[in-house]
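As structure tokens, the structure follows; a few thoughts come after it.
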Amino acid sequence: MSPIIQTVILCGKQNIPLRGHRDSKKLIVEQENDKLIQNQGNFREILRYRAQGDDHLKSFLEAEGTIKYTGATLQNEIIESCNKIILNKIVTNINSQRCFTILADDTADISGIEQVSLCARYLDVENMIIKEEFLQFVPTTDTTGKGLVDIL
């Protein structure tokens with residue numbers, strides 16, 4: 001499970017999309033001619049590459065009838081877990097400061113859903129640097145002053 005989580009985190013750090021067009025079939029680590037294997041998406045291709053040097057991962061991914069933990073649902077759960085950990089660390093750091101302010105701005109995403117972006121701005125007293133940290137996007141249907149106050 002650890003290589004799968006590490007691969008999701010690597011893709012996130014490098015801004016690499018996880019999924020491609022053909023990422024639901026059995027993951028085959030090696031074939032005689034790799035040109036026969038169609039691109040299975042970034043996540044699966046990175047796992048395939050990692051498994052070429054890791055016999056335990058290779059046997060796990062190629063085993064019949066076992067849960068592989070490589071599907072889109074689990075990828076989203078790993079991403080959400082990482083989000084909670086990172087957000088918790090950011091909020092803990094912000095709360096340890098003397099004061100902070102919340103910046104909010106609403107916008108529509110590419111699908112037309114209204115969302116509010118939340119950021120925190122504070123003075124890092126230890127280094128005497130003003131920092132801004134993105135917290136998260138919050139979907140909303142009410143962009144009035146009262147609606148934004150309710151979100152905050």
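The values are calculated or read from the model by the stated rules, or taken from the named source; none is laboratory data. Given the structure is predicted, the values throughout are model-derived calculations rather than measurements. Counting neighbours? That spans all protein chains shown, and the Cβs are built from the backbone with ideal geometry, glycine included. All accessible areas refer to the heavy atoms of the entire protein, side chains included, with ligands and DNA or RNA removed. Shrake-Rupley method; radii C 1.70, N 1.55, O 1.52, S 1.80 Å.
The loop-placed GluC sites (Glu not before Pro) in region 66-152, going by DSSP, that have at most 16 neighbouring Cβ atoms within 10 Å of their Cβ come out as 126.
In the full protein context, the chain carries 70 Å² of accessible surface per residue, based on a 1.4 Å probe and ignoring ligands, DNA and RNA. Annotation for region 59-118: trypsin sites (Lys or Arg not before Pro) lying in DSSP loop with at most 10 further Cβ atoms inside 10 Å of their Cβ are 98.
Ordering 71, 87, 145 by the projection of their Cα atoms onto the charge dipole of the chain, which places +1 on the Cβ of Lys and Arg and -1 on the Cβ of Asp and Glu, puts 71 at the extreme positive end.
Check the straight Cα-Cα distances from residue 13 and name the aspartates and glutamates below 15 Å, setting aside those fewer than 8 residues away within the same chain. Here the aspartates and glutamates satisfying the reach criterion relative to residue 13 are 80. Each of residue 105 and residue 2 was given a label point 7 Å from its Cα along the Cα-to-Cβ line. The distance between the two points is 4.1 nm. Only one of the listed values, [x] 53, 39, 24; [y] 60, 40, 26; [z] 42, 34, 29, was derived from the coordinates as Cα extents along the principal axes in Å; which label is it? After the calculation, the listed value that fits is [y]. Rounded to the nearest 10 degrees, the inclination of helix 2-13 to the longest alpha-carbon principal axis of the chain is 50 degrees. Helical runs assigned H by DSSP (4 residues or longer) give the chain a calculated mean residue ellipticity at 222 nm of -12500 deg cm²/dmol, each run adding -39500 (n - 2.57) before division by the residue total.
Within the listed set 125, 29, 91, the residue fluctuating most in the Gaussian network model of the chain (springs between alpha-carbon atoms under 10 angstrom) is 125. Comparing 12, 2, 117 along the charge dipole axis of the chain, the residue lying farthest to the positive side is 2, per the Cβ-charge model.
Taking amide H positions as modeled 1.01 Å from N, with prolines and chain starts lacking one, the residues under 5 Å from residue 40 and 5 or more places away or on another chain are 45. Please give the helix 72-95 orientation as an angle from the longest Cα principal axis of the chain, in degrees from 0 to 90, rounded to the nearest 10. It works out to around 30 degrees. Rounded to the nearest 20, the size of the Cβ-charge dipole of region 35-103 about its Cα centre is 300 debye, with Lys and Arg at +1 and Asp and Glu at -1.
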